[in-house]
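J.: Before I ask anything, here is the structure I am working with.
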Amino acid sequence: MKLFIKTVLLFSLLLVVIAEAESTSNSKFETDDKENIAVANSMGPVDILNLSGTYEGEDVECFKIISLPDPSAGVLYLDDGETEVEEGQVLSVDEANCLKFEPNSNFVGDASFQYASVNNDGEVDPNPATFCIPIYEEECSDSEEASTSEEECDCKNYSSSIPSLSLWGVLMMLMLTLIITREELNREF
């Protein structure tokens, strides 16, 4: 009975490992969620964090804007601070690294948009990332001007980092299961 329980447990573990390896290996894309530094709603167009993602472990060459921030929150611009980004627009890495966001002066909360990595064949990551920009109300007197200078960013990237197992890892688990099972069978007989 001990042998049966150990075998079932080992095979169950193996099935979980295989399922996890398949789920992580099927997605060759990884587009990173981002949380920008907080922005005062009195600021003009400000630089935001760079978009980032990979395809098969290599940096991608462009990104697709899947959705835009709600217009009541603000507007996403290209580098010039005047050309609005459009939903569905594909941006080169250089363009994606120079995006600006202008918050609506009446908005407080989180502005967000979604974007996805695009590979050289034009395939788009089916799991887009979310880019969040916290917006706060800056209280200033009439004599104070709102700062539009760029701020240093100490943001953390909270992209998921689930380790994936290679086919070799799965095969090693299977071999270990078979060896343990064989040893247990030899002891019982």
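The values are calculated or read from the model by the stated rules, or taken from the named source; none is laboratory data. Only a predicted model underlies this, so the values are computations on that prediction, with no experimental measurement involved. Virtual Cβ from ideal backbone geometry, glycine too; neighbours counted across all protein chains shown.
J.: Show the residue pairs meeting these rules: Cβ distance below 9 Å; 6+ apart or different chains; first residue within the stretch 66-78 and under 13 Å from residue 39 (Cβ atoms) and in the same structural domain as residue 51 (by TED's automatic domain parsing); second residue surrounded by 17 or more Cβ atoms within 10 Å (Cβ to Cβ) and among the polar types (S, T, N, Q).
T.: 69/112; 73/112; 74/41
J.: If we scan the stretch 88-100, do we find a residue that is part of a loop (DSSP other than H, G, I, E, B), out of contact with any helix residue (DSSP H, G or I) (no Cβ under 8 Å at 6 or more places or on another chain), at positive phi and at pLDDT 95 or above?
T.: Checked against the condition, which is being part of a loop (DSSP other than H, G, I, E, B), out of contact with any helix residue (DSSP H, G or I) (no Cβ under 8 Å at 6 or more places or on another chain), at positive phi and at pLDDT 95 or above, the stretch 88-100 yields at least one hit.
J.: Within the stretch 179-187, is there a residue that is surrounded by 12 or more Cβ atoms within 10 Å (Cβ to Cβ), modelled with pLDDT of 80 or more and not assigned by TED's automatic domain parsing to the domain that holds residue 77?
T.: yes
Here's the yes/no breakdown for (1) within 17 Å of the chain's Cα centre (by Cα); (2) surrounded by fewer than 17 Cβ atoms within 10 Å (Cβ to Cβ); (3) hydrophobic (A, V, I, L, M, F, W, C):
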{"position": "37", "(1), (2), (3)": "yes, yes, yes"}
{"position": "55", "(1), (2), (3)": "yes, no, no"}
{"position": "109", "(1), (2), (3)": "no, yes, no"}
{"position": "119", "(1), (2), (3)": "yes, no, no"}
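J.: Considering the stretch 118-138 alone, what residues qualify as being in a loop (DSSP other than H, G, I, E, B) and touching a Lys or Arg at 6+ places or on another chain (Cβ under 9 Å)?
T.: 119, 123, 125, 128
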